[in-house]
Amino acid sequence: MISFTVNGQAVSGGEELKLMDFLREELHLTGTKDGCAQGACGACTVLVDGKAARACVFTLAKLAGKRVVTIEGLSPREKDVYAYAFGKAGAVQCGFCIPGMVMSAKALLDAVPAPNDAEIKKALRGNICRCTGYAKIEEAVRVAAGLLQSGEALPADAAGAALGESLVRVDAAEKTLGAGVYVDDIDLPGMLHASALRAAHPRARVLKIDASAALAHPDCVAVFTAKDVPGNNKIGHLAFISDWDVFIAEGDVTRYLGDSIALVVSREKRSLDEIKKLVRVDYEVLKPLISPAAAMAEGAPLLHAKERNILAHEHLIRGDAEAALAASAHVVSRHYSVPFTEHAFMEPECAIGQPEGEDGVLLYTAGQSIYDEQRECARMLGLEPEKVHVQGKLVGGGFGGKEDMSVQHHAALAAWLLKKPVKVLLSRAESLVVHPKRHAMEMDFTTGCNEEGRLTALRAVVVSDTGAYASLGGPVLQRACTHAAGPYNFQCIDIDGTAVYTNNPPAGAFRGFGVCQTAFAMEQNLNLLAEKVGLSPWAIRRLNAVRPGDVLPNGQIVDENCGLAECLDSVKADYENAKIAGISSFFKNSGLGVGLPDTGRCIVSVEGGKVHLRTSAACIGQGLATVITQVACKTLGLPPEMMVAEPPDTRRTPSSGTTTASRQSFFTGEATRRAAQLLRDELDAGKSLSELEGREFFGEYLGETDPMGADKPNPVSHVAYGYAAEVVILDEAGKVEKVVAAYDMGQVINPKAAEGQIEGGIVMGLGYALTEDYPLENGVPLAKYGTLGLWRATETPPMEIRFVQGPGLSPIAYGAKGCGELATIPTAPAVAGAYHKLDGKLRTKLPMEDTFYRKPKPPAQAETDCL
Ligand code: FES
Ligand code: FES
């Protein structure tokens, strides 16, 4: 046994134990987060003898006589200061990285009480944050340093809850201090642990599964396979195309490496891997289809019953693109290629199931919609949905990667069959393989303009690799196509898109939802046309930018709530005054649109003298609880202390749809406004809150749009669009020196939160442009968390975010529009434009080669398409 101290208390434990497991599982100090268990993310940072250290890489053997301090061991003053500083700076989004950030900051400030900016960045370089883009975390450290050094009392918070004021996030303090509850922080009495045995090959027939040796292990409780699924063995985010096997059954063929063959349930978490190795699976190994071309080839085996392995096909035609291109003064045509990329949210997937009532199950989850989880798990179990009770806990980032089932169905199944609580937690390695990625796409874009530079037509062919299962591959392809022509005022398009099943990991929703890919192609072609015409990249965008009353290429008439021209005007001087800069302007829908049912719902109730805001809308880091708090404060004229934003619960909170498509501020914001208005009406009629105790007020907003292919000259495809223009400035070596961004997201509810989301999106976009990759070899992912190419604080440039508005605001949700997805879209094309300015080379592949960030390829393979 090794003896040492944790937060001043003497403790001892077995020398082979990892410090992180000892802290979390033995001492229940769950503020130390498990983001990767590979030493790559910094979420587990603690102090060992005063120095920042990663708890996941230490075994207790190295800690004899040492002093360990965790986030729980901060002094009361430090807790107050860090909670204040991180909240005030807007540094907290999903929050999963924040306790680790605080511990790295403490290590710095204990040694260097007044650090400079470079020292702060250096101190945080081992801590990944996927949400914030680091700027606000660095600001929080500066604020904390000032307060700790001066010893001053914490300033009273001056920010109110009015729209446009930066009310401190309602969950900032609990997340900063590690007290907020993520699913893996929950430990229930008698809880079992389960883990799926994954496929050994991306494509292989499962001949036989023999679990006898596993079942003989003393810790093993059960091994479940397809035979044990009481309901439907298929799941799938879209009910009409549920094609994803809960388990691959004997006789069936695997479709990717993340397929589940069996679920092993153990009394002890630590013996799961050992038991999984005892499950014997005989395979007939088959050659995987690893590209859309191979999958569509004549005679290729079918992954699903879909001709040529084609999941979805879109063909958008308006006007006569061929004739318009033929008549154009200038035409450019290029092929673009973008890879799979990984969400890399900080919190690996985790769910807990436990029996509830006679034959029901209660699930603790961290997904993007509790009602999707309820629907899919109930169908798998063959139960009525009401029997599956889902409660959403804190979500440590999602970005689209937590829309599909990953662990929820397995936790539900094991708990329901065994009538015991069961936790399923993915290791980081599993998470990287299992959940859907951003689509790799191959794109041919031909774009024309007239002598003045006015766009005339776009012809595009887009082929996306949608991997093993449908997930959201169809809608992603559709958004890629509907947005391919950009926010520009022209009407001739011929866009042909195909999503193809392969034996690669499935691809689905990921921030940008297909538009990051096609924007990269469209915006580069626009730069090529600008050069032919003799316009600057800024000028050609300003010339073509849609204004209210114009018609988007998809046929929708642009409403007054459009500030694209204003975005471009805002960054004009930044672009023109920079020596080496690139620019991009783009747009992204808020809401599902295209005629799909899309509803926001909220119940406002008076309970215990407070106003409860009850909606299932998941906060995956964007700050939804704070947004609806501010909306309710505005509507009711009450202070934020009177509001309680409840977490999602299928028994308490009405369905407000999935957190996707930048929709929640708009849809749930409006539903909250409507519900709160009903309460307001009662208050205005003279009732007091105490007289209204126990009353509930229901608000619902249905966004009505026209379906794809609607027989209308100007269909309303989406209820709203956000617009943005970004300028990326490079130094002479090609290093990103600064990013300036102007965003039209209508009425900004909370500027700090919005800035933080945009900064995080930009940094994600810089990664997409320059460093991030998810390489595959014969369907086998090669990446680890530490090799994904995620940006760190030391690499992140200064960012300047500005908000602009169009001439009018929508009355819905006080004019708010989402920006979560948009924030990642314009960055990669702006970087490409800047590099083109730097060295004259057009980079048509991501991540870009031959940059400050990636060495040039050998000459034979280099992309040297000069203009
Ligand atoms: S959990 Fe330790 S570095 Fe990621
Ligand atoms: S707030 Fe840093 S990872 Fe989410």
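Any read-out appearing in this document is the output of simple, stated calculations on the displayed coordinates, not a laboratory observation. In this text, all values refer to a predicted model and were calculated from it rather than measured experimentally. Every residue, glycine as well, gets a Cβ built from its backbone with ideal geometry; the counts of neighbours run over all protein chains shown.
Pairs from the list LYS121/LYS841; LYS402/LYS752; LYS234/LYS287 with a Cα-Cα gap above 28 Å: LYS121/LYS841. The overall shape of the chain is rounded: from the C-alpha gyration tensor, with semi-axes ordered a ≥ b ≥ c, the ratio a/c is less than 1.5.
Does the stretch 40-120 come out rounded, prolate or oblate, given a ≥ b ≥ c as the square roots of the eigenvalues of its C-alpha gyration tensor, rounded meaning a/c under 1.5 and, failing that, prolate meaning a/b above b/c?
Prolate.
Shape analysis of the stretch 82-154 places it in the oblate category; the axes a ≥ b ≥ c from the Cα gyration tensor give an a/c of at least 1.5, with a/b not above b/c.
Sorting 750-759, 121-130 by their mean Cβ neighbour count within 10 Å, with the most densely packed peptide first, gives 750-759, 121-130.
Okay, which of the stretch 412-456 sit inside 13 Å, backbone N to the point 7 Å along the Cα-Cβ direction of ILE557? Inside the label zone: nothing.
Using only DSSP helix segments of four residues or longer, with each worth -39500 (n - 2.57), what per-residue ellipticity at 222 nm results for the chain after dividing by its residue count and rounding to 500? Show your work: numbers first, answer last.
Details: 20 runs with 226 residues, N = 867.
Per the formula, -8000 deg cm²/dmol.
Projecting the Cα atoms of PRO715, ALA40, ALA484 onto the charge dipole of the chain (Cβ charges, centred on the Cα centre) puts ALA40 farthest toward the positive pole. Counting neighbouring Cβ atoms within 10 Å and putting the fewest first, the residues TRP416, TRP538 line up as TRP538, TRP416.
Just for the chain, what percent of DSSP beta bridges are antiparallel, to the closest 5? Close to 75 percent. Pairs exceeding 29 Å between alpha-carbon atoms, taken from LYS393/LYS738; LYS175/LYS572; LYS423/LYS784; LYS437/LYS532; LYS33/LYS845; LYS79/LYS419: LYS393/LYS738; LYS175/LYS572; LYS437/LYS532; LYS33/LYS845; LYS79/LYS419.
Roughly what % of DSSP beta bridges within the stretch 350-427 run antiparallel, to the nearest 5? Working shown, then result.
Details: 9 of 14 bridges.
Here the share of antiparallel DSSP bridges comes out near 65 percent.
Ordered by the count of other Cβ atoms within 10 Å of each Cβ, fewest first, LEU526, LEU177 give LEU177, LEU526.
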